[in-house]
Amino acid sequence: MELRLWIPRGPDRAAWQLELILPTARECQATVTVDVGGRFQTLSMRGMAQRRRIGAEPSVKAYRIVDFEGKPDPAFLNGVERECSGLPAIGAAAFSASGAGELKGFPRSNVLRGGETFALLWRVPETPDFPDELEIEKLRGRQEWNLALVGIPEEPTESCIAWLESFTGLRMAPPVPSILPVWPFLTRHASVNCIDCVRSERILLSVARMPVGRGGRGPAMQAQSGAMKLGAVGVERSPALFTLRPEGADFVRVTEATAPDSEAFFSFSLGVDHTAPPLTVELAFRAVQGDRQVVALHGARSAGVTEEFRRMGISPEYLSMPAGAKGTLRIEGRDGSSTVALRSGSDAAPHDHRVCLAQPDALAALRAALVDFACQVELDFGGFGRMRLARIAEVAATRGAPRYLPPLLRARIGAFLTQLQSPTSLADGDVPLIRAMTTARRRQALPPSLIPHYRSLVKALRASGVELERLEEGVEV
């Protein structure tokens, strides 16, 4: 039998409890009665094909199997120790927070190690004099029992070691070295000390708790692949960071020069599906021609492209994001500021069914803010990207524009904008199309070959009843 301490995650950590784990038994017509700390609990052995968990009470007396009834499994009857040690009457029982394994809860520990966290459960004394170098997080006690999570530094002082050994009755063992990948993130433990990574030009390794000397020198690490062996000395003692370049190797052994047993094996066969692009937050715009342009929020040109569509009066068709993503829309307008929470809905986006559309009310708020040039708009999705659009000074580019331009003139303006390779060629409507043309002239120097084309368009627009104004000082129309 095994005694474990279970501490729930989240705010309700005061609901900790002790659990007694019973070994497995073959199904049989029998019951077993267990003393779980001053009370008895009877279990049917028909349900013990898996390890059985029983709630236990804090007790200084041993937890034990009291009796069987029926025909119990002979292997269980003769092979299981019937007692499990209780808690100490004076001092603390230690439960390891780093060795939980596949079972829930912290197992009881028989040693202490630097650089690890232990849960200490004690009854007397009520308020122990913890050394200052320990990191203490006290949890709510129960009856006369006290509980605290205690972080031990990697190199505790001799006085701290003596206090811990006296309080728990356990010896301080050497720290367990570790060699773990920090980058790339996508890794998998193929065995205890073999790690499979995705192929990468550089592997960032964190080396901790190596048995180095008391000086300032860090661990001396060696990497070996085939007949090639390279070495490097860490700048820091623990954790020390190293960069490993596999250079096409399929298998690399990493070890500390003075502690060859502290080793890790890295392979690079973990596959990744490169055909599916990563999920992002995106804005989709549709022009009068029916073409859809999707802009990723984290892209370098996202703000510029969105601003161009905004100047043309084209609102986003939709806003899409990965399922479960959350963001914020901040609007500062004439009437003050407002904040709209953005979240993914249940409808899939037309261009990628792996992402979801934002809720309709948030999209309506975004469209209204973009149409109003006096609004400053900010989209914030944290790691998925941020975009900020400043207010636009409203300069009337057209006055008395006709409702419809002649088709030939409209086509000429579209061809002119296409030659500029600008997304403004997707303008929806005649007035945005004219504004796009004059804005393009204002924002960039035209190639000499396009200047006669531009002046010809200006004359044709004036002949059609459009009165163009000077956009800014020094810009000719």
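The values are calculated or read from the model by the stated rules, or taken from the named source; none is laboratory data. Since the model is a prediction, treat every value here as computed from it, not as a measurement. With ideal geometry, Cβ positions are generated from the backbone for all residues, glycine too; neighbour counts draw on all protein chains shown. Side chains included, ligands, DNA and RNA excluded: accessible areas come from the protein's heavy atoms. Shrake-Rupley method; radii C 1.70, N 1.55, O 1.52, S 1.80 Å.
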Legend entry - Net dipole in debye of the chain [+1 Lys, Arg Cβ; -1 Asp, Glu Cβ; about Cα centre; nearest 20]: 1460 debye
Legend entry - FRET efficiency estimate (nearest 0.05) - Cβ-Cβ, Phe373 to Leu408, R0 30 angstrom: 0.45
Inset, instruction - Mind checking the per residue accessible area of region 144-259 for me, 1.4 Å probe, whole number of Å²? - result: 56 Å²
Legend entry - For percent of Cα pairs over 35 Å apart, calculated from these coordinates, the label among (i) 29; (ii) 72; (iii) 62: (iii)
Inset, instruction - Describe numerically, in nm with one decimal, the distance between label points set 7 Å from Cα along Cα→Cβ at Val182 and at Val80. - result: 4.7 nm
Legend entry - Label-point gap, in nm, between Leu139 and Arg46 - each point 7 angstrom along Cα→Cβ: 3.5 nm
Legend entry - For the chain: relative contact order, % (alpha-carbon pairs under 8 angstrom, 6 or more apart): 7 percent
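Would you mind calculating the gained length between Phe251 and Arg39 on full extension (0.36 nm times residue separation, minus the Cα-Cα distance), in nm to one decimal? Write down the numbers at each step before the final one.
Working: separation 212, 0.36 × 212 = 76.32 nm, distance 5.52 nm.
Separation in residues times 0.36 nm, less the Cα-Cα distance, equals 70.8 nm.
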Legend entry - Glu116 long-range amide H proximity, modeled H, under 5 Å: Ile152
Inset, instruction - Report Rg(Cα)/(2.2 N^0.38 Å) for region 79-169, keeping two decimals. - result: 1.11
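Could you give the size of the charge dipole of region 164-286 about its Cα centre, using +1 on the Cβ of each K and R and -1 on the Cβ of each D and E, expressed in debye and rounded to the nearest 20? Show your work: numbers first, answer last.
Working: 12 positive and 11 negative charges, 58 e Å.
Its charge dipole is roughly 280 debye.
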Legend entry - Nearby lysines by direct alpha-carbon distance to Lys71 (threshold 25 angstrom, same-chain neighbours under 8 apart not counted): none
Inset, instruction - Looking at the chain, send over the antiparallel percent of its DSSP beta bridges, to the nearest 5. - result: 95 percent
